[in-house]
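Trainee: Supplied in structure tokens, the structure appears directly below.
The values are calculated or read from the model by the stated rules, or taken from the named source; none is laboratory data. Just so you know, these numbers come straight off a predicted model, no measurement behind them. Don't worry about glycine lacking a Cβ; one is built from the backbone with ideal geometry, like all the others, and counts go over all protein chains shown. What goes into the accessible areas is simple: the full protein's heavy atoms, side chains included, and nothing from ligands, DNA or RNA. Shrake-Rupley method; radii C 1.70, N 1.55, O 1.52, S 1.80 Å.
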Amino acid sequence: MPVYNKVIFVCMDNICQSPMAATLMKNMKKDEWLTVESRGLIVLFPEPYSAKAVTVMRNHGYLLDNDTAKQLEACDFGEKTLVLTMNRDEKQKVLSEYQEAVNVYTVMEFVGSSGDIMDPYGGENELYEMFYASILTWVDRVENKLHEMNTKEDMK
């Protein structure tokens with residue numbers, strides 16, 4: 001029985017950071033049964049993903065799902081769902097606005113580090129490239145930790 005069978009990456013508007021993180025995780029996950037999604041904290045309408053985010057991902061061989069921003073909802077939480085925010089402010093917003101919130105961490109906190117993930121939104125392409133390099137590293141660490149946790153759980 002896995003510790004978590006779903007991961008939801010969360011950023012403020014779900015058009016850049018969390019879709020990029022979710023796409024990377026979907027492509028590197030070792031556990032086929034793991035579901036990976038992304039959501040936003042303030043999604044007023046189904047806005048398309050950032051064109052710069054789509055371009056950077058395409059340049060690295062990844063296709064962002066042909067999708068639009070989705071709001072985080074109460075039904076997204078569950079005992080087997082891991083919710084990972086990009087920064088501490090977003091984590092606090094999740095915890096204060098959703099009484100159902102469980103298993104909520106920042107990406108860095110989950111892997112035993114501290115700090116916040118940078119937000120490239122509105123910046124030049126170089127900033128998106130820097131974000132890509134950074135989030136690739138952090139998502140890899142998340143994936144490795146999840147795989148390790150679930151492997152240990154399987155051995156019980």
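Okay, residues lined up against (1) touching a helix residue (DSSP H, G or I) at 6+ places or on another chain (Cβ under 7 Å); (2) at negative phi; (3) in a loop (DSSP other than H, G, I, E, B); (4) β-branched (Val, Ile, Thr):
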position	(1), (2), (3), (4)
Ala53	yes, yes, no, no
Met57	yes, yes, no, no
Tyr62	yes, yes, yes, no
Lys93	no, yes, no, no
Ser96	no, yes, no, no
Glu100	yes, yes, yes, no
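Trainee: Given the conditions (1) open to solvent by 80 Å² or more (accessible area, probe 1.4 Å); (2) closer than 14 Å to Ser18 by Cβ; (3) of a type in the set (A, V, I, L, M, F, W, C), which single one is not true for Met118?
Mentor: (1)
Trainee: Among the residues of segment 49-65, which ones are within 18 Å of Asp13 (Cβ to Cβ) and without any contact (Cβ under 8 Å) to a residue 24 or more places away in the chain?
Mentor: Those that are within 18 Å of Asp13 (Cβ to Cβ) and without any contact (Cβ under 8 Å) to a residue 24 or more places away in the chain: Ala51, Val54.
Trainee: Take segment 64-91 and flag every residue that is at pLDDT 95 or above, in contact with a helix residue (DSSP H, G or I) (Cβ under 6 Å, 6 or more places away or on another chain) and part of a loop (DSSP other than H, G, I, E, B).
Mentor: Met86
Trainee: In segment 77-98, is there at least one residue being touching a Pro at 6+ places or on another chain (Cβ under 9 Å) and open to solvent by 30 Å² or more (accessible area, probe 1.4 Å)?
Mentor: Yes, some residue in segment 77-98 is touching a Pro at 6+ places or on another chain (Cβ under 9 Å) and open to solvent by 30 Å² or more (accessible area, probe 1.4 Å).
Trainee: Right, another one. Do we find that Tyr128 is among the aromatic types (Phe, Trp, Tyr), open to solvent by 40 Å² or more (accessible area, probe 1.4 Å) and not in a loop (DSSP other than H, G, I, E, B) in this structure?
Mentor: No.
Trainee: Please specify each residue of segment 3-41 satisfying the condition of being under 19 Å from Asp140 (Cβ atoms), in a loop (DSSP other than H, G, I, E, B) and touching a Leu at 6+ places or on another chain (Cβ under 9 Å).
Mentor: Residues satisfying the conditions are Val3, Tyr4, Lys29, Lys30, Asp31, Leu34.
Trainee: Among the residues of segment 132-147 satisfying the criterion of being aliphatic (A, V, I, L, M) and under 12 Å from the mean Cα position of the chain (by Cα), which is most open to solvent (accessible area, probe 1.4 Å)?
Mentor: Leu136
Trainee: Looking for something basic (Lys, Arg) and either over 18 Å from Thr106 (Cβ atoms) or more than 15 Å from the chain's Cα centre (by Cα) (or both) - is there at least one such residue anywhere in segment 32-55?
Mentor: yes
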